[in-house]
Each structure stands twice: as structure tokens, then as C-alpha cells.
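Structure record follows, encoded as C-alpha cells.
The values are calculated or read from the model by the stated rules, or taken from the named source; none is laboratory data. Remember, predicted model here, so these are calculated numbers, not experimental data. Methodologically, a virtual Cβ is constructed for each residue, glycine included, from the backbone with ideal geometry; neighbour enumeration extends over all protein chains shown.
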């Protein structure tokens, strides 16, 4: 019986992240628009865009290979699986043991690897520029998040995300300098990985500033819909990750009753909304960086993460 | 089962002189590679039987050859059996690939005789049980591979590569010779059993560790002893390149493990600091060097340095934990290193063979002249893609598993008491994470530039798919990369006797766990299930494809590329290998390689083309090797005068030498 309940919980989580992801992006856009005193598109606009794209024909470049057609599905599947392994409203996930935090990050790494390949498949100048910049950003962001994970895992004594979330929710954590550093590092990486301002502008089609958009320039129709959905899932994943590690309050414990699940769900939605508002305010108040300022921005994250890990090595209580 | 194993090695040795005659025959190369393949498969089977035997047997034999009072001691224990399996697994793949690839060899007489000899030498090294046999086989291995490196001797680059290789190989053997000399002690006990029984004193053991690190590390390609590797590995024919990078570097790892973990006795805490100080920078610098290259085989050779760095990080951690008597973590780190040995042998061979296929089909190794091969060589492209994903340590392939295990060992290291380790291990962890991310960038570049996009030259646009034997080797290795990635528990369990013998403990049994998960320490701490992850990704990808095709649209139209409205039919508009790595070169290379970009614009009115030059320096060559070379050159120049003296002066010299000797004796 409990197995079935767990299975349902896991399935519900997979559906939840899939359905919630476009809404989250819509919400960020709406808040940004309101901050600029615009009306902004309705919250459901991302859903409509996805449906519209899925119904359209795919227009494939003459030179595109089979890999180009498979990659959107690989990216989507990888991101979806990764997103559904991050605890949302409750930490008891049936399959959470199949991949720990390092594996989740590596799964996102796989998705990015293929996206960068897709940018190079058609053989256009813009695809190349996007891929080349993406791997540069990734080469700094990935170690930064891995080392952040090291710091968190050493404090929690586990890389298993459910265990980490439970530990962070307990009173054993206390206030630690290293956790503060890890939080800042994780936020910087999340901004870079999701292609938000100041690293990349998700709304741009200005040639020389594109990174993500340049890689997916040749995609259309359902392929583009999948890639858009994947990046929306990725935003949800990172916000959930930050929430479950650093704002663990309210999340339902494993084997919890319906009531605490409901509390967990409400708390989760509140956390998402708060993070989205913060993201929108941050994005509105800052300008996009030049490409070669990004390494300094990410380098700061890398240094903070290393410092956090080092502190953990030096002292058990910092 | 040492006698059948030796019979196979003898077959390989006998094949070597026969191959001289066979080389002239039209089917000669097929006979040589076919026989090698059979011998490799037999040896691999024998090794696996020995490794998986629950009785943990060791077989030994003394042959009456070699030094008269010593004989040739040979022995197969768990460690030898594992490395025997790796050597012959790689060897079998190379022989299978050679069946197809070898047909295109222009001068088979320069490759065929040395190939089986090289395989035999590597087998003898891992079976040797006394210092003399070990060193002779080691040197034999170096010389055979040297002959293969210079097999295309008309190219100036290859001759230079051979020269540097020969020098570095001699240096490595010299270091090992000294190490064994110290181990043998004044009594001259050269067989390993006697060395194992008599542990050397602490300062002596430290010196042996350093010498073993220099000797084995120079063969494996640890920075800064790697200088020969990116020259020599690419120069050999591609299946031999695969063997050198995938297998011979592992024989070097074997040498290090045998000396340090087995013969030296219990380690001291500072040993691991020395090992980690070499290993961490090797991992990051290796892949940074790889990113700066445009030659496919050279990229692969530099990436070998990175992977050797990862292996040595695992070994260094194992040493640290073993020294602090935390043998269960030592087992984890050691198993991670050995698993990476196996994994790297698989994907590096695969990638070198893929490079060989490209070389055969287009005649080019330079990525700038390739492109679009996925259309012309779809099967090669598919197999190489798997290799690229695996080597970038991405799930669900095998490279990820061994790096994941290494990370798990790093996460347990705050428990180590010594301060030196507390400071160096986070740094090494950071370097390893950086190396993993840069490796992904490196292989996006390798695959994207050479296989994707549009053909940059006529040679690339007229490439043909390669023969069935080559493809069989590629796909066998690709399948191995996937299987080892989704069922890592099987391989971890197979490594248990090796870890037990070397660090005194083994990782917990993985076979009985639910859903074939791997759990290195405890389930609450960390677990990974590649099979489930792979199934999930496959399932959700298929569901998405099916749902969208059924419910939304499955129509597809072909049209010219969009490219923001500026499509250009000229393939030169694409990103090139050097432009792809430009951002990374600017971020990392400007400090490490002193990389500069120089744009030379012609004066106004001049019709000369503008030029853009990238200026890169190799810091290790310029700061370490070049000065040493200069000193040696200067000294030899001075001493060279002695060659042109008159007879009177020579007689005077002899007389003076005699007087000096007598004086010394008298004092």
C-alpha cells in the first residue's frame, strides 16, 4: 500500500513540475512587466505558446542531421527527470535514491552537452557563437555548483537530496558561514545556468548578446516547444533546489499525513512565488554584462564555494 | 592459470618474427591481427576467470631464463588479473579494429612485427614477479611502442616525437631501476616476495615512492612529465594510439600500484600529498591543453593526461585513507581509481579508433578541415558520440560512475586528521570539478567541429563510411561504455578482491541491492542507479515523442537554414576549432599559456589580406624542458672538443687520468 502511495506521490511530482514550470516563467514575466509599469502578457501565455508551437510544422534546415532532431527529446527527458528528482513539497520521494545531487547536476550537464552540439549541427555562425559561449559559461558554472554541493554535502553528511533536505529542516544545522557562502554561490550559478540577466537575456534576439537563443536559433515547431519547456523546467528545478536546501521550512516529512502534505504544498508555492519576485526584481534592477565579464561573475561563485568547502574542512562548526 | 596465459604470450612473441615474412603477403595483416585478437581474447578470459574466482587464487611460476641465480618469476594475483583483463580487453579491441584499419597501412612491414611484440610486453609487465623481469619487460614495451611511433618515419614530426619519447622512456626506466635498487637493498633480493617481506625504512620508502611516481608517472603522463605523450601517441597508427593511450598508460598505473601499495608496505600520511600534488594539476592542465588543440588525435592524447590525473587522484586519496587506517574509504577511493582505469581504457580506445576512421576516410586529422561527417559516416559518428559523452563524465555512461565514486571519497576526507591533507584535498576536488566541466567543453568541440556542421574541405565532403571490422570494434566499445555505466555494481564487485589485497578492505557487496543501485557507504549517504536513470530518461523521452507526434503534429519540412536571416553558403562562415575555444582560451589561457591574439591589419589602400594570429606558449616545455635541453646541449658542445684531439693529447689525458686515479687510491 505504501509503495503505491509512494508511486502516486512520485508520479504526481513529475506531473506537478511539468505543469508548474510554464506558469513559473509566466509569473516572472508578469512581475517584470509590472515592475516596468507594463500590463504584461497573461500568466497562461507560456502554455499557449507551447501549444501553438507544438501544433506547427517543424521547418528543418537542409543540412540538419538525425542528431538535431533527437536532441530536443534528450534535453527534455534529461531535464524533466532531473527536475522530478528534486523534492518539492515533501522530501519523501520514491526514486530519490536513484540519483543524488551530483547525479542530478551531471544529468543537467548531459542536457547542456547535447544542446551545445545542436547549436553546431546546422553549421551556421550563430549556432557556433552560442555553443562556444555556453561551454565557456558551463566550464565555470559547473565546477562552482559541484563545489557548492561538496560544501552542503559535507555539512549534511550526505549527497542524497532528500536526506540533505531533512537535515536542513532539522535543528542540527544552526547558522553557518559556509552555508551562507554556498547560498550566494548557488544563486549566482542558478542565474547563469538559466540564462537570466546579467549573464544572458532570455528575451533577446540581438545577435551579439545571445547565448541560449543563438544555439536554438534553427529550431522550430515542436522541437522548439520542447526546448522552451526544458528551460522552464530548469528554472523550476533551480528554484526548488534552493528552496529545499536553504528554505526547508514547511516541507512535508516522508511518510507524512495528508495535512502536512497540504501544508507542504502551500509552503512550496509560497517559496516559488517569493523566489520569482526576487528574481524579477533583480533582473529589472541590473544591466546585462559583457560576455567577458561573466567569468568574473562566475569566478566569484567558484571562490565562494571553494571557501565554503575549505571552512568545512578546517572547522566542523563553521 | 598461468601456464595457458604464458602460452598465449608466447604465441604473441612468436608471431612477431613471423610477421616480418607475413607483412609482404596480401593477407598477412589479417593473419597477424586475427591471431593477436584470438590471443587477447584467450588472455582476457583467463584473467577474468582468475579475477572472479571466489577462492582468490594466486598462481606463480619461475622460468629458468633471465638472470641465472634469479630466473624469471611470474605471478598472477588479483591485481595482475585485473590489469591483465584491462590490457587484453583493450588489446582485443585494437586487434579487431586493426583487422579493418590495417589494410590501409602503406608499409605494413613497419607495423606488423612490432604489434604482437608490444602486446606481449605489456602482458609480461603485469605478470612479472621480480624486478629484473619487470624492468626488462617494461623496457621491451617502451622500445616496441617506440618502433610503432616512428613507423611513419618520413614525417619529420614523428621522428621528433620518437626522439622525445625515447628520452623520456629512458628517464622513466632509470627512475624505476633506482626504485627497485632501493627496494632490493644491499642483499640484492630482486623477487617481489622477498621485497614484500622486507619493508624498507621510512626515509628510504619515501624516496622509493618519489622514484616510482617519476618512473611510472612519466609513462602514464602525469604533468610535468607528460611532454612526450601528446607527441608520441598521435604519431603512431590509430589502433596503436588507442593501445598506447588506453592500455599502456594503465600498465604504468599498474607499476605504480604494485610498487607503492604492494611492495612498500604501509604508507605514511605525506605520501598522498605528493601524489595529489601531481594528480590534481594533471587533470586540469591536461584538459586545458586539449582544449587548445586542433588535431583530433592530439586532443585525445592530452585528454589522456587529464584522465590519468583523475586516476592518480583516486590513488592518492586511497593512500591517505590507508595511512590513517580508514580502510573502508581507502577501498572506495581505490575502487574508483581502478574503475576509471577500465573505463578510460574503453572510451579512449573508442575515440582513438574513431579518429582513425576519420583519418582513413578523409586523410585529415586537423579538425579545421573536417565537418559534417555525421552525414557521410553515420555509424562512426554514432559510436564516437557515445565515446564523447562517456569521456565527458556524463550519466548514464561509465565515465560518470568512476568520477562520482571519486567525489564520494573526497566528501569523506574532512575526517582525515592531518592539516596538509585538509588543505590540499578541497583544492584537488575543485580541480577535478573544473576538469570535468572543461572535458565536456573539449568534447563538444571535438565532436561538433569534426562531425557536425558542414564539410569544410572536399576531403571531408567525400568521406566514406569505414569497413565492418572497424565499426564492430567501435560499437563493441560503445556498448561496453553503456553497460558499465548502467550496471556499475557488477564491476565494483569484481574489483573487490583487488581492493582487499591492496588496501585491506573492499567496498560493500553491490550485487544484492534493490534495482542494481550502487551504494558506496550507506544508503542515507549517497546512492546512484544508472539503470533506473537511463530507463527514466528513455521512457520520458519516448513518451514525449509519442504524445507530441500523436496529439500535436508530426509534420516536417526542409528549408534552407535560417541563421537570423543571413545564411551564407560558404562553409568558412562556421565556427572553427580555434574560434570555438576562443572564450575559454581568453578566460584560462591568457594566464596559463600566455595566449595572445594578434590582428595584423594591412595599411589603408594596400590589397594585402588581414591576418589573425593566435600566439600560445607551452609553459611547462618552456620553463622545464627547454632549459634542461639547453644545459645538456651546452655541455655536450663543450665535451665534443674531446672528439677531435691529436694522439699526443689523448695519451696525455690517459696519463693524467692514471695519475689522478693513483692519487685518489693513495689517499
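Some notes on this structure:
- Any hit, the range A:272-290, residues being within 13 Å of another protein chain (Cβ to nearest Cβ) and closer than 24 Å to residue A:198 by Cα: yes
- Selection of the range B:404-414 for residues being more than 10 Å from chain A (Cβ to nearest Cβ) and more than 12 Å from residue B:272 (Cβ to Cβ) yields B:405, B:406.
- Residue within the range A:73-93 that is within 30 Å of residue A:179 (Cα to Cα), at pLDDT 95 or above, more than 7 Å from every other protein chain (Cβ to nearest Cβ) and in a helix (DSSP H, G or I) present: yes
- Residue that is farthest from the chain's Cα centre (by Cα), among those in the range B:325-372 that are crowded, with 24+ Cβ neighbours inside 10 Å and assigned to a loop (DSSP other than H, G, I, E, B): B:372
- Unique residue being surrounded by fewer than 16 Cβ atoms within 10 Å (Cβ to Cβ) and either within 9 Å of another protein chain (Cβ to nearest Cβ) or assigned to a loop (DSSP other than H, G, I, E, B) (or both) when the list is B:543, B:521, B:548: B:543
- Residue satisfying all of: in the range B:375-392; buried (at least 24 other Cβ atoms within 10 Å of the Cβ) and facing chain A (nearest Cβ under 7 Å); farthest from residue A:159 (Cα to Cα) among these: B:389
- Just one of the listed residues (B:442, B:388) is farther than 30 Å from residue A:314 by Cα, in a helix (DSSP H, G or I) and without any contact (Cβ under 8 Å) to a residue 60 or more places away in the chain, and it is B:388.
- Conditions (1) at pLDDT below 90; (2) touching a strand residue (DSSP E or B) at 6+ places or on another chain (Cβ under 7 Å): number failed by residue A:177: (2)
- Of all residues in the range B:551-579, those that are surrounded by 12 or more Cβ atoms within 10 Å (Cβ to Cβ) and part of a helix (DSSP H, G or I) total 8.
- Residue in the range B:598-610 that is away from chain A (no Cβ under 14 Å), at pLDDT below 90, under 30 Å from residue A:127 (Cα atoms) and under 39 Å from the mean Cα position of the chain (by Cα) present: yes
- Test: residue in the range B:218-236 that is touching a residue at least 24 places away in the same chain (Cβ under 8 Å), in a helix (DSSP H, G or I) and under 14 Å from residue B:313 (Cβ atoms): yes
- Meets criteria (at pLDDT 90 or above and either in contact with a helix residue (DSSP H, G or I) (Cβ under 7 Å, 6 or more places away or on another chain) or part of a helix (DSSP H, G or I) (or both)) for residue B:590: no
- Residues located in the range A:52-69, provided they are within 16 Å of residue B:552 (Cα to Cα), within 8 Å of another protein chain (Cβ to nearest Cβ) and either within 24 Å of the chain's Cα centre (by Cα) or part of a loop (DSSP other than H, G, I, E, B) (or both): A:54, A:56, A:57
- Residue within the range B:193-200 that is buried (at least 22 other Cβ atoms within 10 Å of the Cβ) and either in contact with a helix residue (DSSP H, G or I) (Cβ under 6 Å, 6 or more places away or on another chain) or modelled with pLDDT under 95 (or both) present: yes
- Hits in the range B:101-113 (condition: touching a helix residue (DSSP H, G or I) at 6+ places or on another chain (Cβ under 9 Å) and surrounded by fewer than 24 Cβ atoms within 10 Å (Cβ to Cβ)): B:102, B:103, B:104, B:105, B:108, B:109, B:110, B:113
- Residue satisfying condition, being closer than 17 Å to residue A:200 by Cβ and touching a residue at least 24 places away in the same chain (Cβ under 8 Å), within set A:240, A:220, A:231: A:231
- Some residue of the range B:110-129 being in contact (Cβ under 8 Å) with a residue 24 or more places away in the chain, farther than 27 Å from residue B:473 by Cα and outside any helix (DSSP H, G or I): yes
- Any chance residue A:43 is within 30 Å of residue A:258 (Cα to Cα), more than 7 Å from chain B (Cβ to nearest Cβ) and outside any helix (DSSP H, G or I): yes
- Within the range B:418-447, being over 23 Å from the mean Cα position of the chain (by Cα) and surrounded by 24 or more Cβ atoms within 10 Å (Cβ to Cβ) holds for B:421, B:425, B:426.
- Count of the range A:98-128 residues which are facing another protein chain (nearest Cβ under 7 Å) and either crowded, with 24+ Cβ neighbours inside 10 Å or under 20 Å from residue A:231 (Cβ atoms) (or both): 18
- Selection status of residue B:424, within 14 Å of another protein chain (Cβ to nearest Cβ), in contact with a helix residue (DSSP H, G or I) (Cβ under 9 Å, 6 or more places away or on another chain), modelled with pLDDT under 95 and within 22 Å of residue B:257 (Cβ to Cβ): yes
- Answer residue from the range A:152-161, given it is outside any loop (DSSP other than H, G, I, E, B) and facing chain B (nearest Cβ under 9 Å) and is nearest to residue A:84 (Cα to Cα) among those: A:153
- The listed residues are B:181, B:242, and the only one of them that is part of a helix (DSSP H, G or I) and buried (at least 21 other Cβ atoms within 10 Å of the Cβ) turns out to be B:242.
- Restricted to the range B:490-518, and to residues there that are closer than 23 Å to residue B:48 by Cβ and within 13 Å of another protein chain (Cβ to nearest Cβ), the residue that is modelled with the highest pLDDT is B:518.
- Any hit, the range A:166-187, residues being more than 10 Å from chain B (Cβ to nearest Cβ), under 16 Å from the mean Cα position of the chain (by Cα) and within 30 Å of residue B:561 (Cα to Cα): no
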